[in-house]
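Read through the structure below, which is laid out as structure tokens, and then see the notes.
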Amino acid sequence: MAEVKIVGFLCNWCCYAGADLAGVSRFQYPSNIRIIRVMCSGRVDPVIILDAFLYGAAGVFVGGCHPGDCHYLQGNYYAEKKIEMARRLLKEAEVDPKRLRLEWVSASEGERFVKIIKEFTDEIKALGPVTFEKGAMEAACLAAADYRLRILATKERELLEEGNKYGEVFTRHEMDRLLDDLVREEYEVKRILLKLNKPMSVKELSAELNLKPNIVLRHILDLKRYELIDLHEIRDNTPTYIARELSEEGEITE
Amino acid sequence: MTEEIRIGVFICHCGINIGGVVDVPAVVEYASTLPNIVHAERNLYTCSSEGLESIKAAIKEHNLNRVTVASCTPRTHEPLFRATCKEVGLNPYLFEFVNIRDQCSWVHMHEPERATEKAKDLLRMGVAKAARLEPLEELTSDVIPSAVVIGAGISGMTAALSVARNGFSVHLIEKEKEIGGMLRNLYRLYPTDEPAEEFLEQRIKAVKEHKRIALRLSSAVRAVEGYVGKFKVILDENGIEKSIDAGVIIVATGAEEFEPEGLYEYDGERVITQLQLEEQLKKGDLNWAGIKNVMMIQCAGARGEVVGYCSRICCMNAIKNAKLIKEAHPDINVFVAHNELQAYGEVYELYYRDAKKAGVRFLRFPLERRPKVRRSDGNLVVDVFHERMRLDIPLEADLVVLSVPLVQNPDATQLSKMLKVPLGQDKFFFEAHVKLRPVDFATDGIFLCGTAHGPKDIGESIAQGYAAASRATIPLARGYVHSEPIISSVNEELCIGCGICESVCPYGAIEVVETEEGGRARVTGVRCKGCGTCGSSCIKRAIKMYHFTDEQLIAQERAAVVTEVIS
């Protein structure tokens with residue numbers, strides 16, 4: 001059986017250079033990681049991370065500069081929040097969020113890079129190949145592409161540190177509650193939307209997705225209000241719904 | 001893209017560095033099975049002139065429109081291969097690098113089979129990206145041939161003079177009514193003991209007389225707009241708003257002395273700082289009649305007491321003042337209580353010995369047992385811990401001088417935000433790279449010198465002033481700047497003008513402008529550094545980060561995990 005594969009996104013200035021240094025120093029580490037160079041860890045979009053899982057990555061590693069060392073000043077702080085968002089979505093799709101790891105490695109920390117990769121590879125090997133329901137991971141991808149979660153992931157730091165437009169600063173606890181609720185809702189909505197490629201009733205959706213009918217109904221009403229689904233027909237006094245074509249914004253590139 | 005993709009792959013043995021571990025012929029064979037590959041070869045050293053010729057020949061012979069080299073690391077060799085492509089007319093951004101040495105053969109030396117499999121995977125990923133690369137054109141923009149220097153202390157004056165003497169006009173901005181900075185308060189300078197005033201006067205005269213230096217006194221920077229080559233600095237000059245255009249900016253805002261409020265019985269009268277001492281020595285208004293014992297305490301407030309760092313200059317400064325006092329008043333006992341003592345280099349070492357010879361007493365204390373100052377019957381007593389005897393020695397003092405660290409100006413935070421340049425952990429300005437790019441900021445066209453960068457003495461400040469000026473003169477002399485086209489771009493049809501991209505951009509390279517269709521984000525190419533955070537933050541996914549597009553990264557990541565090739 002093929003070995004588990006880990007996709008690594010490393011920032012050009014720190015972690016990628018650290019990985020090069022590991023090579024120059026001939027430090028040895030497991031060969032499971034496949035590295036992709038990006039300019040900044042802040043570039044790594046949760047959509048791309050979740051897409052890697054969707055296609056079968058057993059783990060995803062993101063490496064950036066230490067806080068305060070980012071070549072682009074703050075990219076790594078944004079990365080942290082984006083990765084956190086991706087982790088929440090993994091959890092929704094019932095994939096162990098430990099499979100996604102973010103670490104800070106400087107250009108001089110070849111040894112640290114190796115230590116982390118060894119540790120992470122062992123962890124991923126122990127977890128084994130990734131398993132999930134395809135529709136679940138697709139819904140996670142769609143949710144990550146949706147504007148609501150993208151706003152939150154980007155604004156989280158500001159909301160925690162400077163507050164919103166009205167100067168209300170969020171506590172960590174409030175933020176977590178807000179994120180938990182919103183991530184769950186977005187994910188449920190996307191699951192419903194994906195299921196509605198064929199007409200279904202609230203009851204059927206509720207049974208298939210293991211969601212309470214009142215929750216499904218609430219999402220259905222929202223989706224209808226946003227004109228993302230239509231009433232298909234009334235079957236035995238029960239309305240069924242069908243999705244309109246997925247709008248451009250929700251679509252995964254390619 | 002309608003054009004047929006024709007990729008050439010070049011796999012490097014790097015002598016035995018790659019070839020000794022990875023089965024290179026097998027990788028070449030595998031490469032030729034990948035989609036869009038019209039040519040695959042291996043080279044002993046792809047970076048040798050032979051290898052480069054081979055790339056050029058293959059581009060011409062096979063009409064290649066993409067080139068992928070699998071060898072060492074893009075961090076060292078990408079410029080070379082890009083230039084090679086460019087030589088034969090292939091856009092250099094149609095080149096893709098695959099790292100199979102530093103991140104493969106060298107780190108899996110004992111697992112040749114796995115290393116070979118990984119090399120194949122990495123190549124497949126690289127080729128997947130290569131197929132999606134787009135030609136990009138380098139950006140060029142003009143440079144206004146003048147500089148703004150913020151701060152007219154010794155480093156700022158040095159930098160301004162240097163730039164002006166190179167033939168460019170300089171706007172020297174100073175918040176005080178006079179130029180000269182902290183030097184104006186100093187008494188004498190080590191190691192020559194020359195009066196600071198005389199030294200400073202020459203400099204001030206040179207600055208004032210230079211026809212290409214325009215002094216802006218009592219001026220504060222209110223806002224900074226623009227980018228390398230075209231900065232606009234908005235000033236508040238004596239309450240009047242003024243705007244200055246310049247090609248480059250040099251930050252020389254200096255530092256100030258830490259105020260040891262609440263430490264060591266500090267009162268500004270009998271317990272003073274070194275700077276206060278120098279001012280009094282300069283004015284000559286210190287009443288020596290009642291002073292028998294002078295105690296200087298090093299590292300007051302520094303090295304973990306209040307700030308974490310060592311302020312570097314205080315040792316020599318204390319040695320100097322102690323020596324001057326002792327020489328002028330041999331009857332006075334002068335003590336310097338210190339932990340470590342930095343008198344680096346031969347000249348400073350000799351200076352320190354002179355101070356000892358003059359009779360200055362140096363007492364060493366451990367950092368965890370710093371001296372304590374207390375008052376007893378109106379007298380000052382300093383308890384200095386003696387390491388060998390393991391006990392506090394009480395020493396009477398009539399004057400206690402605290403060697404406090406230099407700390408960043410409070411205005412620096414504001415300025416760092418206006419310029420979009422960082423402050424480090426210690427709040428001093430933070431250069432692009434300590435060793436590789438000193439005096440540069442990561443933001444192009446902005447440079448740094450003097451104590452705004454961290455504590456340093458006059459000589460070092462002057463050297464750094466010259467360095468910043470010489471770096472700043474490069475774009476001024478050239479007249480234009482090039483910038484990499486790896487920048488973001490906005491699809492205005494998708495953009496809704498929410499401005500989230502503007503809020504995350506550290507360089508002010510993207511901003512929402514009003515268009516007929518409403519607000520739309522626009523990128524100023526020369527300012528963009530290509531981090532791509534705007535792209536991953538855009539709520540409509542309307543931003544494309546060139547050379548690291550969603551499409552390219554997704555193709556790479558999918559190719560990493562899916563062995564069957566997706567074309």
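Listed by first and then second residue, the pairs linking a residue in the stretch B:308-321 that is over 17 Å from B:LEU350 (Cβ atoms) to a residue that is open to solvent by 30 Å² or more (accessible area, probe 1.4 Å), with Cβ atoms under 6 Å apart and 6 or more places separating them unless they lie on different chains, are B:TYR309/B:ASP426; B:CYS310/B:ARG303. Which residues, counting only those in the stretch A:45-62, are open to solvent by 20 Å² or more (accessible area, probe 1.4 Å) and without any contact (Cβ under 8 Å) to a residue 60 or more places away in the chain? A:TYR55, the sole residue that qualifies. Inspection of the stretch B:487-500 finds no residue satisfying the criterion of being in contact with a Pro (Cβ under 9 Å, 6 or more places away or on another chain) and not assigned by TED's automatic domain parsing to the domain that holds B:PHE95.
Rundown of residues vs (1) touching a Cys at 6+ places or on another chain (Cβ under 9 Å); (2) farther than 20 Å from B:CYS72 by Cβ; (3) open to solvent by 20 Å² or more (accessible area, probe 1.4 Å), yes/no style:
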position	(1), (2), (3)
B:GLU4	no, yes, yes
B:VAL9	no, no, no
B:GLY19	yes, no, yes
B:ALA26	no, no, yes
B:SER32	no, yes, yes
B:PRO35	no, yes, yes
B:HIS39	no, yes, yes
B:LEU44	yes, no, yes
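Here B:PRO438 fulfils each of the conditions (1) touching a residue at least 40 places away in the same chain (Cβ under 8 Å); (2) more than 27 Å from B:SER503 (Cα to Cα) apart from (1).
Going by what's in this entry, would A:ARG101 be described as on the phi < 0 side of the Ramachandran plot, within 8 Å of chain B (Cβ to nearest Cβ) and either small (Gly, Ala, Ser) or in a strand (DSSP E or B) (or both)? Working first, answer last.
Values: on the phi < 0 side of the Ramachandran plot: yes; within 8 Å of chain B (Cβ to nearest Cβ): no; either small (Gly, Ala, Ser) or in a strand (DSSP E or B) (or both): yes.
Criteria not met by A:ARG101.
Just checking, does the stretch B:319-330 include any residue being open to solvent by less than 10 Å² (accessible area, probe 1.4 Å), on the phi > 0 side of the Ramachandran plot and either touching a strand residue (DSSP E or B) at 6+ places or on another chain (Cβ under 8 Å) or modelled with pLDDT under 95 (or both)? No, because not a single residue in the stretch B:319-330 is open to solvent by less than 10 Å² (accessible area, probe 1.4 Å), on the phi > 0 side of the Ramachandran plot and either touching a strand residue (DSSP E or B) at 6+ places or on another chain (Cβ under 8 Å) or modelled with pLDDT under 95 (or both). Of all residues in the stretch B:504-551, those that are touching a helix residue (DSSP H, G or I) at 6+ places or on another chain (Cβ under 7 Å), surrounded by fewer than 21 Cβ atoms within 10 Å (Cβ to Cβ), more than 9 Å from chain A (Cβ to nearest Cβ) and within 19 Å of B:PHE231 (Cα to Cα) total 2. B:VAL347 fulfils the conditions (1) touching a residue at least 24 places away in the same chain (Cβ under 8 Å); (2) surrounded by fewer than 15 Cβ atoms within 10 Å (Cβ to Cβ); (3) not in a helix (DSSP H, G or I) except for a single criterion, (3).
Could you check how many residues of the stretch A:183-214 are under 21 Å from A:PHE132 (Cβ atoms), in a helix (DSSP H, G or I) and of a type in the set (A, V, I, L, M)? Total meeting the criteria: 8. Are any residues in the stretch B:283-318 crowded, with 23+ Cβ neighbours inside 10 Å and more than 30 Å from the chain's Cα centre (by Cα), and if so, which ones? Within the stretch B:283-318, B:VAL294, B:MET295, B:MET296, B:ILE297 qualify. Checked against the criterion of being within 21 Å of A:LEU182 (Cβ to Cβ) and open to solvent by less than 40 Å² (accessible area, probe 1.4 Å), the candidates A:VAL114, A:VAL95, A:VAL130 yield just one match: A:VAL95. If the condition is being among the acidic types (Asp, Glu) and under 16 Å from B:LEU186 (Cβ atoms), then the stretch B:261-284 contributes B:GLU278, B:GLU279. The listed residues are B:CYS495, B:CYS449, B:CYS501, and the only one of them that is over 27 Å from B:LEU123 (Cα atoms), open to solvent by less than 20 Å² (accessible area, probe 1.4 Å), within 14 Å of chain A (Cβ to nearest Cβ) and under 27 Å from the mean Cα position of the chain (by Cα) turns out to be B:CYS501.
Rundown of residues vs (1) away from every other protein chain (no Cβ under 14 Å); (2) free of Cβ contacts under 8 Å to residues at least 12 places away in the same chain, yes/no style:
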residue	(1), (2)
B:ALA57	yes, yes
B:SER71	no, no
B:ARG82	yes, no
B:LEU90	yes, no
B:GLU96	no, no
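If you go through the stretch A:45-71 and keep only what is among the acidic types (Asp, Glu) and either farther than 14 Å from A:LYS134 by Cα or more than 7 Å from chain B (Cβ to nearest Cβ) (or both), you end up with A:ASP45, A:ASP69.
Within the stretch B:460-492, the set of residues being open to solvent by 60 Å² or more (accessible area, probe 1.4 Å) and either within 14 Å of chain A (Cβ to nearest Cβ) or over 26 Å from B:VAL163 (Cβ atoms) (or both) comprises B:GLU484, B:ASN491, B:GLU492.
Residues of the stretch A:14-46 being under 24 Å from the mean Cα position of the chain (by Cα) and part of a loop (DSSP other than H, G, I, E, B), which ones?
Across the stretch A:14-46, the qualifying residues are A:CYS14, A:ASN32, A:MET39, A:CYS40, A:VAL44, A:ASP45.
Please state which one of B:THR33, B:THR68 is closer than 30 Å to A:TRP13 by Cα and either β-branched (Val, Ile, Thr) or assigned to a helix (DSSP H, G or I) (or both). Break it down into steps so the answer makes sense when it comes.
On the way: B:THR33 fails: closer than 30 Å to A:TRP13 by Cα.
That would be B:THR68, the only listed residue that is closer than 30 Å to A:TRP13 by Cα and either β-branched (Val, Ile, Thr) or assigned to a helix (DSSP H, G or I) (or both).
Name the single residue that is most open to solvent (accessible area, probe 1.4 Å) among those in the stretch A:3-44 being among the small types (Gly, Ala, Ser) and more than 7 Å from chain B (Cβ to nearest Cβ). It would help to see each step written out before you state the result.
Of the stretch A:3-44, the ones among the small types (Gly, Ala, Ser) are A:8, A:17-19, A:22-23, A:25, A:31, A:41-42.
With more than 7 Å from chain B (Cβ to nearest Cβ) added as a condition, the list becomes A:8, A:18, A:25, A:41.
Values: A:GLY8: 0, A:GLY18: 0, A:SER25: 49, A:SER41: 3 Å².
It comes out as A:SER25.
Tell me, please, whether a residue that is in a helix (DSSP H, G or I) and under 30 Å from B:VAL233 (Cα atoms) can be found in the stretch B:389-410. No, because not a single residue in the stretch B:389-410 is in a helix (DSSP H, G or I) and under 30 Å from B:VAL233 (Cα atoms). Note on the stretch B:172-208: residues that are under 19 Å from B:GLY247 (Cα atoms) and either touching a Lys or Arg at 6+ places or on another chain (Cβ under 6 Å) or open to solvent by 60 Å² or more (accessible area, probe 1.4 Å) (or both) total 1. Can you tell me which residue among A:LEU196, A:LEU182, A:LEU160, A:LEU211 is farther than 20 Å from A:TYR147 by Cα, open to solvent by less than 80 Å² (accessible area, probe 1.4 Å) and free of Cβ contacts under 8 Å to residues at least 40 places away in the same chain? It is A:LEU211. For the stretch A:52-67, the set of residues classified as under 14 Å from A:CYS11 (Cβ atoms) and either modelled with pLDDT under 95 or hydrophobic (A, V, I, L, M, F, W, C) (or both) consists of A:PHE61, A:VAL62, A:CYS65, A:HIS66, A:PRO67, listed by residue number.
If you go through the stretch B:41-53 one residue at a time, do you hit one that is farther than 30 Å from A:SER25 by Cα and either in contact with a Gly (Cβ under 7 Å, 6 or more places away or on another chain) or not in a helix (DSSP H, G or I) (or both)? The answer is no; no qualifying residue exists. Provide a single number: the residues in the stretch B:218-237 that are open to solvent by 50 Å² or more (accessible area, probe 1.4 Å) and modelled with pLDDT of 95 or more. Total meeting the criteria: 2.
Looking only at the stretch A:138-147, decide whether some residue is over 13 Å from the mean Cα position of the chain (by Cα) and either away from chain B (no Cβ under 14 Å) or open to solvent by less than 10 Å² (accessible area, probe 1.4 Å) (or both). Before you say what the answer is, go through the steps one by one.
Pass one, the stretch A:138-147, residues over 13 Å from the mean Cα position of the chain (by Cα): A:147.
Filter again for either away from chain B (no Cβ under 14 Å) or open to solvent by less than 10 Å² (accessible area, probe 1.4 Å) (or both), leaving none.
No, the conditions are met nowhere in the stretch A:138-147.
The values are calculated or read from the model by the stated rules, or taken from the named source; none is laboratory data. Everything numeric in this text was worked out from a predicted model, so none of it was measured. Glycine also receives a Cβ, built like all others from the backbone with ideal geometry; neighbour counts cover every protein chain displayed. The protein model used for the area step is the full one, side chains on, heavy atoms only, and it has no ligands, DNA or RNA in it. Shrake-Rupley method; radii C 1.70, N 1.55, O 1.52, S 1.80 Å.
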